[in-house]
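Here is the structure we will look at.
Read-outs throughout are calculated quantities, based only on the coordinates presented, and are distinct from any laboratory measurement. These numbers come from a predicted model, not from an experiment. Don't worry about glycine lacking a Cβ; one is built from the backbone with ideal geometry, like all the others, and counts go over all protein chains shown.
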Amino acid sequence: MSNLKQALQDKKFVVSGEIGPPKGVDIEKCLKNAEGLRNQVIAFNVTDLQSAVMRIGSMAVSAKLVERGLEPVYQLTCRDRNRLALQSDLLSAWAFGIENVLCLTGDHPNLGDHVQAKPVYDLDSVQLLKVATTLNQGHDMIGHELEGKPDFFLGGVVTPAADPMEPQIIKMQKKIDSGARFFQTQAIYEPEQFEMFMNQAQRFNVPIMAGVVVLKSAAMAKFMNANVAGIKVPDNLISEMEETKKEDRKKKTVEITARIIRAVKPLCQGVHIMPLGWDELVPDIIKQAALD
Amino acid sequence: MHATIQKSIDEIVTYFKPGEKLFVVGCDNCAAKCHSGGIPETEEMANRLKKRGVNVIGWCVPQPKGMSLCKLSNTKKVLQEEYGEETRQADSFLILACGQGFHTVIDATDGGAVHPGCDTIFGGETVSDDFIAEYCSLCGECIVEQTGGLCPVTLCAKSLLNGPCGGAKDGKCEVDRNRDCGWQLIYDRLRTLGRLEQMKEYVEPKNNSRWSRPRSLTVGEKEATFVSLAGSSTIVNHD
């Protein structure tokens, strides 16, 4: 059983990290970043062509983490693979020792660097979860028996700040019915808003890990507010960043991130920290958030 | 209707060899509505090509009024009888219609050479005389009973069947903030209809073999047979 599954089953509060594989074959740097957080986080999400930009695959980097005794959360999107490839990649992932899988729709190719690509979406995230659950039960989605079955710990994502929230809740229910056993959320900056979401999601009785993206600058906040769905950085955080001198900015980032984590901690079962390259801040964030 | 848009004249003129005798054919149904191949556009295309030195020997838009070019029996009669003298001389045909029309002219001229004058862009609703919008992807397996009559395969950029992704912002799609999120439209509509419960039902993955190409339909008065890679399915449309 994966450490993540065990910890969530034991009702522990967990902290996960994230690796964004690079464009190219030099993965040493991102593996080293992960290595540096070995004792801080329980598992590392490995993103799957994040933002629809062509890169080295999440399976390869996940497998490399396994080799080093680090635990991946293999992100698998529906954007680039049909149902044959999705099932086959899942079986391949299991062969590499990957147990945690986060099933996502995936950003549209139009948002990335190969805008003329054919979007696949042969399955959606709900269907992918159901198919992965079927593999766990020893069959492919057609019902053919597998020679040896995997035992994936399957997760899904949800956007707490979506407006309206109801479609997200409806889809979350479908994901749970299809086999999602944990959830990670889109980045949270407003704990009050997250609490409203949790008031609705609590009844599902499924572990939810709040997504926390480190806020690097006021410009980044404004960019996300304008461009990234389901993220709302409140004005007070933007002014706080604006009023911070450049040399103190990382300190402020740590302070704000830790503050958000402290606020959401009583509401959920973990945080998923996305450092976006500022991995060196994660130990301080964890310390200030009193998670260590 | 099949929405079409003319290719640029600069591209079209590159198709022809020097002296190639060309006959231009339009369509009085869909292409006429799209102003890509009705009577005025077909005549205009013939003149524009002549001005650029193309040897245009004639043009026609098969009638009667409103007739589809893709109705082979009519197109064959018009091209072989009414315009037989010119079409027999023609080395090739430029078609201002959809891709079905291109092939209809191949059949109607017993294997004549055709050049595409239009891009066929989608099947759409003629919302007004000057606006056509896409609401159906011709997938061969309609699921709008569960979605308030709105097609998620078409209206959602990702063709998701079980609800919205996390990419919508203020009800707009992540690929284009000026475009409505298809699932927001479906959610709003199901709410209005009092049928939101339907959104909670799991929708199976599509049977893409019904969306295989090419497909065919054989029709009779009392039954129709659809042939795709999903097999042959016959439906009796009579008690």
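Computed from the Cβ-Cβ distance with R0 of 56 Å, the FRET efficiency linking A:Phe204 to B:Val227 stands at 0.80. The overall shape of region A:98-152 is prolate: from the C-alpha gyration tensor, with semi-axes ordered a ≥ b ≥ c, the ratio a/c is 1.5 or greater and a/b exceeds b/c. When the GluC sites (Glu not before Pro) in region B:192-226 are filtered for DSSP coil states and for at most 16 other beta-carbon atoms within 10 Å of their beta-carbon, the remaining sites are B:Glu201, B:Glu221.
Determine the shape class of region A:1-152: with a ≥ b ≥ c the square roots of the Cα gyration tensor eigenvalues, call it rounded for a/c under 1.5, and otherwise prolate if a/b is greater than b/c, oblate otherwise.
oblate
For a paramagnetic label modelled on A:Glu35 (point 7 Å from Cα along Cα→Cβ), amide N atoms under 20 Å away belong, within region A:10-24, to A:17-24.
Let me check I have the definition right: for region A:217-292, take the eigenvalues of the Cα gyration tensor, multiply each by 5, take square roots. What are those semi-axes in whole Å, largest first?
20, 16, 12
The length gained by stretching the chain between B:Ala113 and B:Ser73 to full extension, at 0.36 nm per residue less their Cα-Cα distance, is 12.5 nm. Per-residue shielding of A:116-123, expressed as the average number of other chain Cβ atoms within 10 Å of the residue Cβ, stands at 3. Distances between placed amide hydrogens fall under 5 Å for A:His139 paired with A:Leu146, all partners being 5 or more residues away or on another chain.
Within a straight-line Cα-Cα reach of under 22 Å, B:Lys17 can be paired with the following lysines, leaving aside sequence neighbours fewer than 8 residues apart in one chain: B:Lys7, B:Lys50, B:Lys51.
Could you check which residue among B:Asn208, B:Asn29, B:Asn55 shows the biggest mean-square fluctuation in a GNM of chain B with a 10 Å Cα cutoff? Looking only at B:Asn208, B:Asn29, B:Asn55, the biggest GNM fluctuation is shown by B:Asn208. Based on Cα contacts under 8 Å between residues 6+ apart, chain A shows a relative contact order of 17 percent. Based on alpha carbons, the Rg and Dmax found for region B:2-123 are 12.6, 36 Å. I want the antiparallel fraction of DSSP beta bridges within chain B, as a percent rounded to 5. DSSP beta bridges in chain B are roughly 60 percent antiparallel. Extension gain, A:Ala226-A:Lys23: 0.36 nm per intervening residue step, less the Cα-Cα distance, totals 70.5 nm. Using the Cα gyration tensor of region B:139-200, with a ≥ b ≥ c the square roots of its eigenvalues, what is the shape: rounded (a/c below 1.5), prolate (a/b larger than b/c) or oblate (neither)? Here region B:139-200 falls in the oblate category. Simple spin-label estimate for B:Asn208 and A:Met196 gives 3.9 nm between the two label positions (7 Å along the Cα-to-Cβ direction from each Cα).
Using equal-weight Cα scatterers in the Debye expression, the normalised intensity of region A:125-207 in log10 at q = 0.18 Å⁻¹ is -0.74.
Note on region A:163-207: percent of Cα-Cα distances in each 5 Å bin, starting at 0 and stopping at the bin with the largest distance, equals 5, 18, 34, 27, 12, 3.
When both bridge partners sit in the protein assembly as shown, DSSP labels roughly 35% of those beta bridges antiparallel. Computed with the Debye formula from one identical point scatterer per Cα of chain A, without solvent, the log10 of I(q)/I(0) at q = 0.07, 0.10, 0.17 Å⁻¹ comes to -0.25, -0.51, -1.60.
Where does the protein assembly as shown land on Rg(C-alpha)/(2.2 N^0.38 Å)?
1.19
For chain B, the convex hull spanned by the alpha carbon atoms encloses 172 Å³ per residue.
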